[in-house]
Amino acid sequence: MVVEPKVKGFICTTAHPKGCEESVRRQIECTKQYREGAQVPSKVPKKVLVIGSSTGYGLASRIAVTYGYGADTIGVAFEKESNGKRTATAGWYNTAAFEAFAKEDGYYAKSFNGDGFSTEMKEQVIQCIKEDFGQVDLIVYSMAAPRRTMPDGTVVSSVLKTVGEPFTNKTIDLRTNEIKEVTVPAANDDEIQATVQVMGGEDWKDWIRALHDAGVIKQGAVTLAYSYIGPVVTHPIYKEGSIGQAKKHLYDTSVQLTKEFADIGLKAYISVNKALVTQSSAAIPIVPLYMSLLYRIMKEAGLHEGCIEQMDRLFLDKLIGHVETDEEGRIRMDDYEMRADVQKKITDVWEGIDSQSVQELADIEGFWDEFYQMFGFRYDNVDYTEDVQI
Ligand code: NAD
């Protein structure tokens, strides 16, 4: 069928198979180019598990380790396949495309589609590691989920709310590109707890414990999870909000994991990444306005990076050999975003920004291009009038 984008708010309900393939192909090219200029040591992770591997930072991680290190990968994601009438999700097409490219280029790539929170998924993946890898030397935890089914069957949902007082600030209405005020309500204790259960470190720890107990983590392995801090303007909704509580838990978990699994010399790190348009981040109020200003400023300064540029720099520059961290042991991939000159430019325009000036001051086109491209649209070399197999 001819696949067109159907955008509802911050989500696109269709995805283009050829466009998703093009997105993966471009990311692979990006890593190949980056690798040419990088000094990759001989001792790099070669057997990698990526949990949350189909889109955003997880997919970019998978591509970076495969085409940067020559690593074999197992991926875990939760995506919908096509039912013949409706397209599959972008992550499903991305995964199919990645596997095809990787296999063609001689890399092992196997993907599991299902609930990463479940014990069954952990068991299946462990079985696969035993059969095909023996052990893994890098585990990337990049799951971003709206909800989690707990072992007893209850479902808990994460919320994007503040902690304490409601917070009012500007946001961009993604339907009209108008600047509006939005009030983000405060989460109650149950909502905060649920957000920590979904987006905190509990499940990361469950994965590591299960892998450790099965003996499939190699001595001296590394595990990584991703976080965000961001500027003061987004703190009430992000760093100090319900999601921020989950991220604090994720950080505490990294410290615990390194201690608890010292027997195998496991090192657990949090990488604090840059704000980027992904299916998860587009849903956060206030953040898309901040991101479209950030894109403009970082592009003008020649500092803009997408998921793949971030992950190439993480895996090829910061993680191997000497691991570069801040004083709290976190890897800072938000170094360019948080530069004083970049942040000052945002603060200078934030107060005065309105529906007219936003067109000039923010990179709304760039935001939307990246948004559509996440679903395989707006690639100039893809023929969108063509009938495609979904
Ligand atoms: P994303 O929505 O692009 O990717 C989420 C991944 O998780 C997908 O592969 C999805 O299939 C998978 N997933 C969701 N539910 C699952 C489940 N139940 N079982 C298995 N897999 C499941 O998100 P992203 O923005 O790349 O986020 C990844 C991590 O990076 C998150 O921890 C996020 O907080 C962090 N991060 C994001 C940003 C940003 O701006 N996007 C910035 C810094 C850090």
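The values are calculated or read from the model by the stated rules, or taken from the named source; none is laboratory data. Just so it is clear, the model here is predicted, and its values are computed rather than measured. Ideal geometry is used to build each Cβ from the backbone, glycine not excepted, and the neighbour counts take in all protein chains shown. Heavy atoms of the whole protein, side chains included, go into the accessibility calculation; ligands, DNA and RNA do not. Shrake-Rupley method; radii C 1.70, N 1.55, O 1.52, S 1.80 Å.
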remark   = For Val136, other-chain or 5+-apart residues with amide H closer than 5 Å (H placed, Pro excluded) are Ile217, Lys218
note = For the Glu165, Asp189 Cβ pair and Förster radius 22 Å, calculated FRET efficiency rounded to 0.05 is 0.90
request  = Please work out the average accessible area per residue across the range 313-372, using the 1.4 Å probe convention, and give it in Å².
outcome  = 51 Å²
inquiry  = If you consider only alpha-carbon coordinates, what radius of gyration and Dmax does the chain have, in Å?
reply    = 20.3, 59
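Over the range 195-299, give the accessible area per residue in Å² for a 1.4 Å probe, as an integer. Spell out each step's value before the answer.
Numbers: 3100 Å² over 105 residues.
On a per-residue basis, the range 195-299 sits at 30 Å².
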query = Is any residue of the range 348-390 close enough, with backbone N under 13 Å, to a label point placed 7 angstrom from the Cα of Arg25 along the Cα-Cβ axis, and if so, which?
reply = 379-384
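Per 0.36 nm of contour for each residue apart, how much would the distance between Thr154 and Met1 grow if the chain were fully extended, relative to their Cα-Cα spacing?
Details: separation 153, 0.36 × 153 = 55.08 nm, distance 3.85 nm.
Stretched out fully, the Thr154 to Met1 stretch lengthens by 51.2 nm.
Considering only protein heavy atoms and a 1.4 Å probe, what is the carbon-and-sulfur percentage of the accessible area of the chain?
49 percent
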ask   = Using a 1.4 Å probe, what is the accessible area per residue for the range 9-114, in Å²?
value = 42 Å²
message = Given R₀ = 41 Å, what would the calculated FRET efficiency be for Glu181 paired with Tyr384, taking r from the Cβ atoms and rounding to 0.05?
response = 0.70
